[in-house]
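Only one structure is covered here, and it is reproduced in the block below.
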Amino acid sequence: MSKYNLPKGYSAFQVLFKTKAFLDNPIIFMKNSMSKFGDTYSATIGLNQKIIITQDPNFISYILKENHKNYKKSKFLSENAVELFGNGLLFSNGMYWLKQRRLIQPGFHKEKLKGLYEIVINSIHVSINKFPIGNDIDIFPLVHKISFTILIKSLFDINVPETTMELLGNTFSELQTFFIKDVNKPFEKIIYPFTGEKKKALAKAKVVRTIFKDIIKERKTSKIQFNDLLDMLLNSKYEDTGLEMEEEQVIDELIILIFAGHESTANTISWLFYLIATDKESQQKIAAETKETTILESLNNEYLKAVMYEGMRLYPAAWMTGRETIENDNFKGLSFPKNTIIVPFFYGLHRNKTNWEDADKFYPQRFLNDPSLAKSKNFFPFGAGPRMCIGNNFAIAEIAFFLHAFFAKFTITPTTQIPQMKSLITLKPDKVVLNIARL
C-alpha cells in the first residue's frame, strides 16, 4: 500500500489511452477531468512519474507562494527549453535563478519602466496609423507583428532592419512550435537523428544568438546611452561581486524576455479585441475614456484596468504552469513524493463557477464592483510568488496604451468567426476576424 495520499485520477494504463484526447485539446480534457474528479486530480505517466493538476486556489497559492521554496521549475519542461532558449529567468532554478532575479528585477519596477513609455507609445502610434480598415480582417497576425516590434524596440532602441525583424519573428515562432512538439511527443526524440528536426531547431536558436551578439557588440563599442532594456541588462551589476553579466547570460535573458513577453501580450490584446467587439457597452466606454484622458493617463484608468483584468481572467496567456517538488510534501490531507509535478490550471481556476459569478461571461464591471478580486487567490494573470512574471508592469502598460490608441481612432464589430483556443505555451487564438472602421 502506498504511503502517499494522492488525489484520485488516471493510472498509467488509462493515461496511455487518453493521451490523444489530451493533446487534441488539453484545456477541454483538463476541464472534463475536473468535473469528474474535483478541483484536483492526478495522473501517472510512464513507470512512476506522478502529476497533480489543480484549480484549487489555496493549493495553487501554497505551491507558488507559501511553500515555494520546496518547488522548482519542472525539469521535464526546463531541460527541453534551456537547449533552445538558454538558461534565462523563465527556465532556471535554484540559487542561479535567485541571483539573476535580484539582478534584473529593479529594471522592471514601475518607475524604471517610465523611461520606456515613450518608445512603446511611439511604436504603437506608428503601427496604428498603418492599421487596415474593412470587413473580415484577421487582426491576430497584425497585433502579433506590432507587439513584436514594440518589444524589439524596447529591448534595442535602434532601427533593426525589417528583414532582421522578420527573421527573428519567424524563428521564434518556429522554435516555440518545435518546443511544444518536443514536450508533447517525447517518444519522437528517437527519430530526430534521422529527421534532423532537433539539429535544425538548434541551428535556428544559434541564428538568434548571433543576431543578439552583433547588436551587443555594436552597443558596447558605441558611446551613446540608450534608455532601453539592453542597456539595463548590460549595466546591471551583481551585489556580491560588482561584476556585470557575461555576454551569454545577457543573451539568455534577452531571449527569455522575447519568448515570454511577446506571445503573451499579443495573445492578450487579440483576445481583448474579440471580447470588446462582442460587447458594445465596453467599447463605447473605452472610446469615451480616450476623449477624456491622454494615452499616458490610460495606465491609471480604472475602467480600462477592469477590461484588461477581465480579458486576462477569461483567456489567461499563461493558462497553466508547472512546478516539481524538491522534497516530499503534503497539503490538506494530500501527500506526495519528491519529484511530483504539480500543474496549477489557471484557466480552470479563472472560470470556476464556485468562485466567479457568471464565470464564462465577459463582465469588466465585476472588478470595479469588487476591486479586491484583482488581488484574490482566484486570479493569477501573471502567476504569483517570487516567480511571478517579471514583465507584468510592462505588459499592462503596453496593453493599456494599445487599447487607448486603437479605440481613439477605430471601432470594431464581430463577425461570425469565433476564435478557437490553441493551448500552446501561451493561450493563442487561431485567428480573430473582425470588421474595422474609422471613427
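The values are calculated or read from the model by the stated rules, or taken from the named source; none is laboratory data. The structure presented is a predicted model; accordingly, all values stated were derived computationally and were not measured. Cβ coordinates were reconstructed from backbone atoms using ideal geometry, including for glycine residues, and neighbour counts include every protein chain displayed.
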Practice item. Kindly indicate the residue of the range 93-144 that is in a loop (DSSP other than H, G, I, E, B) and in contact (Cβ under 8 Å) with a residue 40 or more places away in the chain and also nearest to residue 234 (Cα to Cα) among those meeting that condition. Key: 109
Revision key, fill the gap. In the set 310, 324, 398, the lone residue that is under 22 Å from residue 281 (Cβ atoms) and among the charged types (D, E, K, R) is 310
Study note, to complete from the structure: Of the residues in the range 357-371, those that are touching a residue at least 24 places away in the same chain (Cβ under 8 Å), not charged (D, E, K, R) and not in a loop (DSSP other than H, G, I, E, B) number 3
Practice item. Mind checking which strands (runs of 3 or more DSSP E) fall wholly inside the range 399-439 and carry at least 3 residues that are touching a strand residue (DSSP E or B) at 6+ places or on another chain (Cβ under 9 Å), of a type in the set (A, V, I, L, M, F, W, C) and surrounded by 15 or more Cβ atoms within 10 Å (Cβ to Cβ)? Key: 433-438
Review point. When the range 1-29 is examined, which residues are found to be more than 26 Å from residue 327 (Cα to Cα) and touching a residue at least 40 places away in the same chain (Cβ under 8 Å)?
Key: 23, 25, 26, 27
Study note, to complete from the structure: Of the listed residues (253, 297, 289), the one being at pLDDT below 95 and within 20 Å of residue 101 (Cα to Cα) is 253
Check your understanding: When you look at residue 378, is it at pLDDT below 95, over 24 Å from residue 179 (Cα atoms) and touching a helix residue (DSSP H, G or I) at 6+ places or on another chain (Cβ under 6 Å), yes or no?
Key -> no
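Yes/no per residue for (1) touching a helix residue (DSSP H, G or I) at 6+ places or on another chain (Cβ under 7 Å); (2) modelled with pLDDT of 90 or more; (3) closer than 24 Å to residue 185 by Cα:
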{"position": "20", "(1), (2), (3)": "no, no, yes"}
{"position": "41", "(1), (2), (3)": "yes, yes, yes"}
{"position": "65", "(1), (2), (3)": "yes, yes, no"}
{"position": "70", "(1), (2), (3)": "no, yes, no"}
{"position": "80", "(1), (2), (3)": "yes, no, yes"}
{"position": "105", "(1), (2), (3)": "no, no, no"}
{"position": "108", "(1), (2), (3)": "yes, no, no"}
Check your understanding: Among the residues of the range 186-205, which ones are in contact (Cβ under 8 Å) with a residue 40 or more places away in the chain and closer than 23 Å to residue 423 by Cβ?
Key -> 201
Practice item. Could you please let me know if residue 171 is in contact (Cβ under 8 Å) with a residue 12 or more places away in the chain, farther than 25 Å from residue 403 by Cα and either outside any helix (DSSP H, G or I) or of a type in the set (S, T, N, Q) (or both)? Key: yes
Exercise for review: State whether the residues of the range 140-157 include one that is in contact with a strand residue (DSSP E or B) (Cβ under 8 Å, 6 or more places away or on another chain) and buried (at least 17 other Cβ atoms within 10 Å of the Cβ).
Suggested key: yes
Point to revise | Yes/no for residue 219 being within 16 Å of residue 83 (Cβ to Cβ) and among the charged types (D, E, K, R) | key: no
Review point. Can we say residue 11 is among the small types (Gly, Ala, Ser), farther than 26 Å from residue 355 by Cβ and either in contact with an Asp or Glu (Cβ under 9 Å, 6 or more places away or on another chain) or loosely packed, with under 12 Cβ neighbours inside 10 Å (or both)?
Key: yes
Exercise for review: State whether one or more residues within the range 187-200 are modelled with pLDDT of 85 or more, over 30 Å from residue 219 (Cα atoms) and surrounded by 14 or more Cβ atoms within 10 Å (Cβ to Cβ).
Suggested key: yes
Check your understanding: Assuming residue 339 fulfils every condition listed in (1) surrounded by 15 or more Cβ atoms within 10 Å (Cβ to Cβ); (2) in contact with a strand residue (DSSP E or B) (Cβ under 8 Å, 6 or more places away or on another chain); (3) at negative phi; (4) of a type outside the set (Asp, Glu) apart from one, which condition is it?
Key -> (3)
Study note, to complete from the structure: Per the filter on the range 234-262, residues among the hydrophobic types (A, V, I, L, M, F, W, C) and farther than 17 Å from residue 91 by Cβ are 234, 243
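Sort out which residues of the range 354-370 are of a type outside the set (Asp, Glu) and at pLDDT 95 or above, and write them in order of number.
356, 359, 361, 362, 363, 364, 365, 366, 367, 368, 369
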